[in-house]
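Visitor: The structure follows.
What follows is calculated from the coordinates using simple rules that are stated; it is not laboratory data. Everything numeric in this text was worked out from a predicted model, so none of it was measured. Glycine gets a Cβ as well: all are built from the backbone with ideal geometry, and neighbour counts include every protein chain shown.
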Amino acid sequence: NAGVMQNPRHLVRRRGQEARLRCSPMKGHSHVYWYRQLPEEGLKFMVYLQKENIIDESGMPKERFSAEFPKEGPSILRIQQVVRGDSAAYFCASSPPTGSTEAFFGQGTRLTVV
Amino acid sequence: LAKTTQPISMDSYEGQEVNITCSHNNIATNDYITWYQQFPSQGPRFIIQGYKTKVTNEVASLFIPADRKSSTLSLPRVSLSDTAVYYCLVGDEGSYIPTFGRGTSLIVHP
């Protein structure tokens, strides 16, 4: 059973471009979480999704950021018109559909905006 | 959501036992206590989870007093590879969103 897969592992974008980060949850998991981590800081919650639904996006910036988790395919975190301050590690986690307090994390995508 | 407080950093030496304590004074009746470990450039990894008393697995032990207002992660005989950030989280199974604080940066010295 493969773990949570994130790609790409590293992404370089110029200011103003779009960044698309992908996350394939563990098999059988229907809950996906996205986090952002700046150097020397903890993980900041961004958004919690279930299949085709955004459950909680209280940690998402109001502009330029969006997330989806379609019925088929990976979850996507999309950042439009990236700025230097978007440079960070973005982690995805998944958990099973039944109540669980254990989340499984991917290796992350390190976004660098130049 | 119960807030957690843990030391920012700790230092230890190979072979020693390390105890990291986390305070969660506002823990709710249905909340579980979960600890994660994060190595540089990697995602957090689940270590151990408990509700009360003591839990032990192949990696660590978790001690939870009767009032559940704190918990202690115990790592026996640490090695250099245990150098990581350790996070304490609390939450229940309903609508659970793992919420991370700054964690405790453990450095194990030779």
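Visitor: Where in the stretch B:5-44 does the label zone of B:K69 land, with the point 7 angstrom along Cα→C-beta and an amide N cut-off under 12 Å?
Guide: In the stretch B:5-44, the label zone of B:K69 (backbone N under 12 Å from the point 7 Å along Cα→Cβ) covers B:23-27.
Visitor: Next up: Calculate one ³J(HN,Hα) per residue across the stretch B:40-50 by plugging θ = phi - 60° into the Karplus curve 6.51 cos²θ - 1.76 cosθ + 1.60, and present them in order as whole Hz with x for glycine and proline.
Guide: x, 6, 10, x, x, 10, 4, 10, 6, 9, x
Visitor: Now, a different point. Which one of A:S75, A:L43, B:L89 has its Cα pushed farthest toward the positive end of the charge dipole of the protein assembly as shown, where Lys and Arg give +1 and Asp and Glu give -1 at the Cβ?
Guide: Of the candidates, A:S75 comes out farthest on the positive side.
Visitor: Sort A:E41, A:E68 so that the residue with the fewest other Cβ atoms within 10 Å of its own Cβ comes first and the one with the most comes last.
Guide: Listing A:E41, A:E68 from fewest to most nearby Cβ atoms yields A:E41, A:E68.
Visitor: By count of other Cβ within 10 Å, fewest leading, how are A:K71, A:K44 ordered?
Guide: A:K71, A:K44
Visitor: Taking the number of other C-beta atoms within 10 Å as the exposure measure, put B:F39, B:F63 in order starting with the fewest.
Guide: Ordered by Cβ neighbours within 10 Å, fewest first: B:F39, B:F63.
Visitor: Let me ask something else. Taking amide H atoms as placed 1.01 Å from N in the peptide plane, list the residues 5 or more away in sequence, or in a different chain, whose amide H sits under 5 Å from that of A:V12.
Guide: Here the answer is A:T112, since their amide H atoms fall under 5 Å of that of A:V12.
Visitor: Enumerate the amide H contacts of B:I48 below 5 Å, restricted to partners 5 or more residues apart or on another chain; note that Pro and chain-start residues carry no placed amide H.
Guide: Amide H neighbours of B:I48, under 5 Å, 5+ apart: B:W35.
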